[in-house]
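Below: the structure, in structure tokens.
The values are calculated or read from the model by the stated rules, or taken from the named source; none is laboratory data. No experiment lies behind these values; they were computed from the predicted model shown. Cβ: placed from backbone, ideal geometry, glycine included. Neighbour counts: every protein chain shown.
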């Protein structure tokens, strides 16, 4: 009988603390790199933003989370004259932890500088 209670308890604990995550994303280009008139200044720079919902309530919209992630990127890596972001990718990670949902957006880009 004790083994049955232990099994039930273990099953409940497993379900309560189980979580899952889903990843998705897309790539966008903000500048034309068709000519050889630029140099890469920095590659793989990124900014992040996270939103939390409890029982599906609260958090930010997708566009607001992307905007915060891009602002974080530009804050960490400010652009100088003749520089632009290229090869921009937006990646999502959605995590579910019982009644809490987290949505994290990571905006990754390369910084290029154009020759004059």
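Give the residue that is surrounded by the most Cβ atoms within 10 Å (Cβ to Cβ), with candidates limited to residues of region 44-60 that are more than 12 Å from the chain's Cα centre (by Cα) and within 27 Å of residue 111 (Cα to Cα).
Going through region 44-60, the residues more than 12 Å from the chain's Cα centre (by Cα) turn out to be 44-45, 52-60.
Filter again for within 27 Å of residue 111 (Cα to Cα), leaving 44-45.
Working: 44: 9, 45: 16.
The qualifying residue surrounded by the most Cβ atoms within 10 Å (Cβ to Cβ) is 45.
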Discussion item. Any residue that is exposed (fewer than 12 other Cβ atoms within 10 Å of the Cβ) and free of Cβ contacts under 8 Å to residues at least 24 places away in the same chain - is there at least one of those in region 97-114?
Written reply: no
Worksheet, complete the sentence: Taking region 87-116 and keeping residues more than 16 Å from the chain's Cα centre (by Cα) and closer than 19 Å to residue 57 by Cα leaves 97, 98, 99, 100
Response to the item:
The residue that is farthest from the chain's Cα centre (by Cα), considering only those in region 11-38 that are surrounded by 10 or more Cβ atoms within 10 Å (Cβ to Cβ) and modelled with pLDDT of 80 or more, is 37
